[in-house]
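Note sheet for the following structure.
Any read-out appearing in this document is the output of simple, stated calculations on the displayed coordinates, not a laboratory observation. Computed from a predicted model, the values in this text were never measured in an experiment. Cβ placement follows ideal geometry from the backbone for every residue including glycine, while neighbour counts extend to all protein chains displayed.
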Amino acid sequence: MSIEVNNESGAEVDEAEFAALARYVLDAMHVHPQTELSILLVGTQVMTDLHVRYMDEPGPTDVLSFPMDELRPGREGEPTPAGLLGDVVLCPEVAAQQARVAGHSTAEELLLLTTHGILHLLGYDHAEPEEEKEMFALQRQLLLTFLAGR
């Protein structure tokens, strides 16, 4: 699995932990081992520009996902085809604000957002209540089992 983590935000983060989480999530979702994923951490101005350009929404957001090959989760013994999963873009400054409100660390919030972004790349969404329930339960399970194993 090729997981590239680039930190252009200036925030201090453990890039290896992001790669380990991504590998864990992709393995759990039965994504082909030759799949490629990019995780990019950016500042608020870059995130604002991306948010306006691609979502037509003002201001920065916490995470954006840009799918490439529109891969979907595989099954045990039936992984997805190899391909380019896409890009997850994170904004540590927004994550830090959300972490304070939620009562946990910025690092934990960024790992949550990374999981959330990867699930979006795999076709999960939360526009409808049932979709939100499914996606958020899966996101929680994946993150908690990753954190329990580290």
For segment 128-149 and segment 54-124, write down the distance between their C-alpha centroids in whole Å.
12
Residue-wise HN-Hα coupling along segment 127-139, computed from phi with Karplus coefficients 6.51, -1.76, 1.60 (Hz; x: Gly, Pro):
6, 10, x, 5, 5, 4, 4, 5, 5, 5, 5, 5, 4
Charged-residue dipole, Cβ positions (Lys, Arg, Asp, Glu), segment 50-150 about Cα centre, Debye nearest 20:
400
Around residue 86, which amide H atoms from residues at least 5 apart in sequence, or from another chain, sit under 5 Å from its own amide H, with H modelled in the peptide plane?
38, 68
Under Karplus coefficients 6.51, -1.76 and 1.60, residue-wise ³J(HN,Hα) of segment 2-16 in Hz, glycine/proline x
9, 10, 9, 10, 10, 10, 9, 8, x, 6, 8, 9, 8, 4, 5
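Between residue 32 and residue 150, what length in nm is gained on full extension when 0.36 nm per residue of separation is reduced by their alpha carbon distance? List each step's numbers first, then the result.
Values: separation 118, 0.36 × 118 = 42.48 nm, distance 2.29 nm.
Result for the pair: 40.2 nm of gain on full extension.
Please compute the contact order of the chain in relative form: average sequence separation of alpha-carbon pairs under 8 Å and at least six residues apart, divided by the residue count, as a percent.
Relative CO of the chain lands at 24 percent.
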Put a dot 7 Å past each Cα toward the Cβ at residue 56 and residue 128; how far apart are the dots in nm?
2.2
When only alpha-carbon atoms count, how far does segment 71-150 stretch along each of its three principal axes, as whole angstroms with the largest first?
40, 31, 24
In nm, to one decimal, how far is the modelled label at residue 2 from the one at residue 17, with both set 7 Å along Cα→Cβ?
2.7
Check residue 5: other-chain or 5+ apart residues with amide H under 5 Å from its amide H, H built from backbone geometry?
39
Using θ = phi - 60° and Karplus 6.51 cos²θ - 1.76 cosθ + 1.60, couplings along segment 38-51 (whole Hz; Gly, Pro as x):
10, 10, 10, 9, 10, x, 5, 5, 4, 5, 4, 4, 5, 5
